[in-house]
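Chemist: Quick one: the structure is below, and I'll ask about it shortly.
The values are calculated or read from the model by the stated rules, or taken from the named source; none is laboratory data. Remember, predicted model here, so these are calculated numbers, not experimental data. Counting neighbours? That spans all protein chains shown, and the Cβs are built from the backbone with ideal geometry, glycine included. What goes into the accessible areas is simple: the full protein's heavy atoms, side chains included, and nothing from ligands, DNA or RNA. Shrake-Rupley method; radii C 1.70, N 1.55, O 1.52, S 1.80 Å.
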Amino acid sequence: MSIKQEENRTSDGRFKKGVSGNPDTKFKKGQSGNPNGRRNAYTDLIKDFSFNKVGEKERREVVVSKLFQLAERGDLRAIQFIVERLEGKALERQERTTKSEPIQVMVIDD
């Protein structure tokens with residue numbers, strides 16, 4: 001152990017109260033410990049693949065071009081996809097009542 005590590009420990013080898021590890025490498029206040037977030041292998045592969053060229057264009061340009069062709073032909077799912085990406089998804093509103101009236105049941109005898 002280095003001298004600095006020994007200073008942060010008690011005689012039995014445990015860290016002193018309030019001291020955890022090397023203070024030089026601890027996360028600073030307001031600084032994220034994982035600034036890039038969790039890596040996703042599939043996302044990385046798709047991004048790399050989408051930048052490959054097919055002829056003169058990149059694959060993602062070809063895909064977006066096809067999407068717009070489908071929308072121009074009247075494909076509602078393609079139109080919805082484009083609109084949701086441009087404007088955001090529409091909010092679904094639900095009406096809720098908080099009345100605590102009992103449910104009325106009608107009994108009809110023959």
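Chemist: Of the residues that make up the stretch 85-105, is at least one modelled with pLDDT of 80 or more and surrounded by 10 or more Cβ atoms within 10 Å (Cβ to Cβ)?
Modeler: Yes, the conditions are met somewhere in the stretch 85-105.
Chemist: Next question. Collect the residues in the stretch 10-31 that are out of contact with any helix residue (DSSP H, G or I) (no Cβ under 9 Å at 6 or more places or on another chain), modelled with pLDDT of 70 or more and in a loop (DSSP other than H, G, I, E, B), keeping them in residue-number order.
Modeler: Listed by number, the residues that qualify are Thr10, Ser11, Asp12, Gly13, Arg14, Lys17, Lys28, Lys29, Gly30, Gln31.
Chemist: Open to solvent by 90 Å² or more (accessible area, probe 1.4 Å), more than 28 Å from Val83 (Cβ to Cβ), modelled with pLDDT of 70 or more and not basic (Lys, Arg), is that true of Glu6?
Modeler: Considered against the rule, which asks whether it is open to solvent by 90 Å² or more (accessible area, probe 1.4 Å), more than 28 Å from Val83 (Cβ to Cβ), modelled with pLDDT of 70 or more and not basic (Lys, Arg), Glu6 comes out as no.
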